[in-house]
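I have placed the structure first, in the form of structure tokens, so that the comments after it can refer back to it.
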Amino acid sequence: MTAITSVLHETRVFPPSADFVAQANVSGMEGYEALMNEARSDYAGFWGRLARESITWHKPFTQVLDESNAPFCKWFHDGELNVSYNCLERHIQAGKGDKTALIFEADDGKVTTSTYNDLLKRVSKFANALKSLGVAMGDRVIIYMPMSIEAVVAMQACARIGAIHSVVFGGFSAKSLNERIADARAKVVVTADESLRGGKAVPLKAAVDEAIALGGCDSLEKVVVYKRSGGPVNMAAGRDLWWHELADSQADVCEPTWVNAEHPLFILYTSGSTGKPKGVQHSTGGYLLGAILSMQWVFDAKPDTDVYWCTADVGWITGHTYVTYGPLALGMTEVIFEGIPTWPHAGRFWEMIQKHKVTTFYTAPTAIRSLIKLGADLPAKFDLSSLRLLGTVGEPINPEAWMWYHEHIGQGRCPIVDTWWQTETGCHMIAPLPGAVPTKPGSCTLPLPGIMVGVVDEAGHDVEKGKGGFLVIKRPFPSQLRTLWGDPERFRKTYFPEELGGKMYLAGDSTHQDDDGYFWIMGRIDDVLNVSGHRLGTMEIESALVANPRVAEAAVVGKPHDVKGEAVVAFVVCKGARPEGDEARKLVSELRDWVGKEIGPIAKPDDIRFGDNLPKTRSGKIMRRLLRAIAKGEEITQDVSTLENPAILDQLKASVV
């Protein structure tokens, strides 16, 4: 293998302040190293201790880790617990029932709150409602909801009775929903009439009807509809039920169903590079432990004083771990937001931080870059002094976006936790513990205690520091996926390939470690470009482009080249108006020279195209597969209904300078 070449040069370092270190849950590098050393010396003992301390068990476990059928490992498998009990009753029994659990801000700005007492009653009523429909332990329930308290209630209600939920992002098309209903063989779909985003109604119940009409949903018995907007819907007699009519008559007490630690808590579908979506299956005990520990370690959670806000939708793993389960398992107060960051005005995020006195803010680099484009004077209009910690999730953050976030949102005083993890890992794997680890813009820094991360070549051999390779996790860990729903062989081949020995978890990302051992994510393995024999990570070229003062956002892909093998194609969003004509040609030349200076001539883009924005899903994910098709001049055949702005594809096709 030709090693993946790292071309990003970043030397800035930001140690945590003495004040932050003094109050941190893990204080100083000595605190971090003590946990790492404990895990190295007694791996099972380390995780066992933390599981006993962090989770309330109905039946204690006697065995921590069973690797006898690796990679199908089991954690705490003879123990019994209930996730909803751990998120609700245990705080109420500790005298915190009147504490605010959820602060919900609707698209129109209306705010409603729910205490832990309120939330337990609502969860119990809906759990009883599901039981009245014949939903039992192990049955699958699809949740296709707007961001709302009800979405959290539906997930917690499933966990309460041992049903397996599968949340489908409310921006996904009817076809995507149909595939997930059919694959999970779901018994019930929980949805809403509409969701409200940016002042617009998005029909959800109509999409459910369309999904069912596509066929293959013979397992489905009932559809429960939450009346969010009051918009018109068709209710099929005998099948469709209104949430309020079903749940309001139920008792507000529902005893938790105690389940084995390995019982599936949920299935979350993630798109594969080819073929049908992959149903990532997570356990109950190990997943909950990962959610709790990462909240404590990475977010330095202070349940008595923090107001925590993760902007992710519950349709994604971030919304599972860091909205529905992790914060509630610690008894936090958290904000849930229905809308988008730029409506009804571009300062909505900063206004909400000011209004709710948010202390911890966790969002995606895509959102940050979009807000950078609008200027630094916008956040300066709001009081962001309540913030004490910032986080990023979903993709590597470009160093210049990191610096903007640090200076203009954190005002130079808030640590930034750049978190690397995946749907499959369930919780953070590599991230700075903010009271211990000095941060570097663009690096997710060091592994969490107990997570044994490495960088290997395609034969599974360790590569030296500074050289790029495949990111792997060398030991099983509690929160990892257990299998792919109904497809254990695909699970084994995808994540534990025989070429790497069959026991190391292959993350699918390319990375390198610097001299301090810090990890730098260079992009997905399939996003590595081979330019004249050099393997270059797309993220590093994107970071170089974004470092130019004219550029707000960039995405880089490859296209075939007769001489070089692959040519670099860059799609660029500028600060201010999109350049055209001579201005565009001049900027192309300037940016090519800029990349040559920042990285080297090998990384200069052959083709630069300008757009008003990039093709993104409504969750903010850049659809690089579509960009690759545009770069190659191919016809786009895949479903684009999940894009926030499908019209941008035509603009980018026509944007050759």
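The values are calculated or read from the model by the stated rules, or taken from the named source; none is laboratory data. In this text, all values refer to a predicted model and were calculated from it rather than measured experimentally. Note that each Cβ is placed from the backbone with ideal geometry, even for glycine, and that neighbours are counted across all protein chains shown. Surface areas here come from the heavy atoms of the whole protein model, side chains and all, with no ligands, DNA or RNA. Shrake-Rupley method; radii C 1.70, N 1.55, O 1.52, S 1.80 Å.
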Given the conditions (1) within 26 Å of the chain's Cα centre (by Cα); (2) not in a strand (DSSP E or B), report the number of the one that Ala251 does not fulfil. (1)
Against the definition (surrounded by 18 or more Cβ atoms within 10 Å (Cβ to Cβ) and within 25 Å of Ala39 (Cα to Cα)), how does Val393 come out, yes or no? no
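Filtering region 312-337 down to residues that are open to solvent by less than 10 Å² (accessible area, probe 1.4 Å) and not in a helix (DSSP H, G or I), which residue is nearest to Gly95 (Cα to Cα)?
Quick first cut of region 312-337, residues open to solvent by less than 10 Å² (accessible area, probe 1.4 Å) only: 314-315, 319-329, 331-332, 334-336.
Then drop every residue that is not not in a helix (DSSP H, G or I), which leaves 314-315, 331-332, 334-336.
Values: Val314: 28, Gly315: 32, Gly331: 11, Met332: 14, Glu334: 18, Val335: 22, Ile336: 24 Å.
In this case the residue turns out to be Gly331.
State all residues of region 48-69 that are within 25 Å of Leu500 (Cα to Cα) and surrounded by 13 or more Cβ atoms within 10 Å (Cβ to Cβ); if no residue qualifies, say none.
So the first thing to find is which residues in region 48-69 are within 25 Å of Leu500 (Cα to Cα), and the list is 65-69.
Matches in region 48-69: Leu65, Asp66, Glu67.
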Over region 185-208, the set of residues open to solvent by less than 40 Å² (accessible area, probe 1.4 Å), out of contact with any Phe, Trp or Tyr (no Cβ under 8 Å at 6 or more places or on another chain) and either in a helix (DSSP H, G or I) or at pLDDT below 95 (or both) is Val202, Lys205
Considering region 366-390 alone, what residues qualify as being open to solvent by 10 Å² or more (accessible area, probe 1.4 Å) and part of a loop (DSSP other than H, G, I, E, B)? Lys373, Leu374, Gly375, Ala376, Asp377, Leu378, Phe382, Asp383, Ser385, Ser386, Arg388
Mind listing whichever residues of region 423-444 are surrounded by 23 or more Cβ atoms within 10 Å (Cβ to Cβ), of a type in the set (Ser, Thr, Tyr), touching a strand residue (DSSP E or B) at 6+ places or on another chain (Cβ under 7 Å) and closer than 30 Å to Thr494 by Cα? Ser443
Which numbered condition Arg475 fails, given (1) within 19 Å of Ile525 (Cβ to Cβ); (2) open to solvent by 30 Å² or more (accessible area, probe 1.4 Å); (3) not polar (S, T, N, Q): (1)
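Mind listing just one residue for me: the one in region 77-102 that is open to solvent by 10 Å² or more (accessible area, probe 1.4 Å) and part of a helix (DSSP H, G or I) and, of those, nearest to Glu262 (Cα to Cα)? Show your work before the answer.
Taking region 77-102 and keeping what is open to solvent by 10 Å² or more (accessible area, probe 1.4 Å), we get 77-78, 80, 85, 89-96, 98-100.
Going one step further and asking which of them are part of a helix (DSSP H, G or I), we end up with 85, 89-93.
Details: Tyr85: 17, Glu89: 21, Arg90: 21, His91: 24, Ile92: 26, Gln93: 26 Å.
Among those that are open to solvent by 10 Å² or more (accessible area, probe 1.4 Å) and part of a helix (DSSP H, G or I), it is Tyr85.
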Could you look through region 616-644, keep only residues that are among the polar types (S, T, N, Q) and over 21 Å from Pro396 (Cα atoms), and pick out the one that is most open to solvent (accessible area, probe 1.4 Å)? Thr637
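Here is a yes/no grid of residues against (1) open to solvent by 10 Å² or more (accessible area, probe 1.4 Å); (2) in a loop (DSSP other than H, G, I, E, B); (3) at pLDDT 95 or above; (4) not basic (Lys, Arg):
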site: Pro146; (1), (2), (3), (4): no, yes, yes, yes
site: Ala151; (1), (2), (3), (4): no, no, yes, yes
site: Ala154; (1), (2), (3), (4): no, no, yes, yes
site: Leu177; (1), (2), (3), (4): no, no, no, yes
site: Asp183; (1), (2), (3), (4): yes, no, yes, yes
Could you tell me whether region 343-356 includes any residue that is surrounded by 21 or more Cβ atoms within 10 Å (Cβ to Cβ) and assigned to a loop (DSSP other than H, G, I, E, B)? no
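Kindly provide the set of residues from region 209-236 that are within 30 Å of Gly109 (Cα to Cα) and either free of Cβ contacts under 8 Å to residues at least 40 places away in the same chain or assigned to a loop (DSSP other than H, G, I, E, B) (or both), ordered by number.
Asp209, Val223, Val225, Lys227, Arg228, Ser229, Gly230, Gly231, Pro232, Val233, Asn234, Met235
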Identity of the residue in region 516-536, within 24 Å of the chain's Cα centre (by Cα), touching a residue at least 24 places away in the same chain (Cβ under 8 Å) and closer than 16 Å to Trp420 by Cα, that ends up most open to solvent (accessible area, probe 1.4 Å): Ile525
Checklist (1) without any contact (Cβ under 8 Å) to a residue 60 or more places away in the chain; (2) over 19 Å from the mean Cα position of the chain (by Cα); (3) not in a helix (DSSP H, G or I) applied to Phe361, failing item: (2)
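Could you please find all residues in region 47-63 being β-branched (Val, Ile, Thr) and in contact with a strand residue (DSSP E or B) (Cβ under 9 Å, 6 or more places away or on another chain)?
So in region 47-63, the residues β-branched (Val, Ile, Thr) come out as 55-56, 62.
Across region 47-63, the qualifying residues are Ile55, Thr56.
Give region 54-78 a look and list any residue that's of a type in the set (Ser, Thr, Tyr), free of Cβ contacts under 8 Å to residues at least 40 places away in the same chain and under 21 Å from Leu265 (Cβ atoms), or say none. Spell out the reasoning first.
We begin by selecting, within region 54-78, every residue of a type in the set (Ser, Thr, Tyr); these are 54, 56, 62, 68.
Still in the running and free of Cβ contacts under 8 Å to residues at least 40 places away in the same chain: 56, 62, 68.
Selection gives Thr56 alone.
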Cβ-Cβ under 7 Å pairs, at least 6 apart or on other chains, region 79-90 side farther than 18 Å from Val64 by Cα, far side at pLDDT below 95: none
Suppose we keep only residues that are among the aliphatic types (A, V, I, L, M) and open to solvent by 40 Å² or more (accessible area, probe 1.4 Å) within region 209-232. Which one would you say is farthest from Ser641 (Cα to Cα)? Ala213
All but one of (1) in contact with a strand residue (DSSP E or B) (Cβ under 6 Å, 6 or more places away or on another chain); (2) closer than 21 Å to Pro146 by Cα; (3) open to solvent by less than 10 Å² (accessible area, probe 1.4 Å); (4) modelled with pLDDT of 95 or more hold for Thr363, so report the exception by its number. (1)
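Gly286: assigned to a helix (DSSP H, G or I), farther than 30 Å from Lys110 by Cα and at pLDDT 95 or above, yes or no?
Criteria met by Gly286.
Going residue by residue through region 436-452, is there one that turns out to be of a type outside the set (D, E, K, R), touching a Phe, Trp or Tyr at 6+ places or on another chain (Cβ under 9 Å) and within 20 Å of Ser370 (Cβ to Cβ)? Show your work before the answer.
Applying the first criterion (of a type outside the set (D, E, K, R)) to region 436-452 yields 436-439, 441-452.
Filter again for touching a Phe, Trp or Tyr at 6+ places or on another chain (Cβ under 9 Å), leaving 436-439, 441-452.
Then keep just the ones that are within 20 Å of Ser370 (Cβ to Cβ); that gives 441-442.
Yes, region 436-452 contains a residue that is of a type outside the set (D, E, K, R), touching a Phe, Trp or Tyr at 6+ places or on another chain (Cβ under 9 Å) and within 20 Å of Ser370 (Cβ to Cβ).
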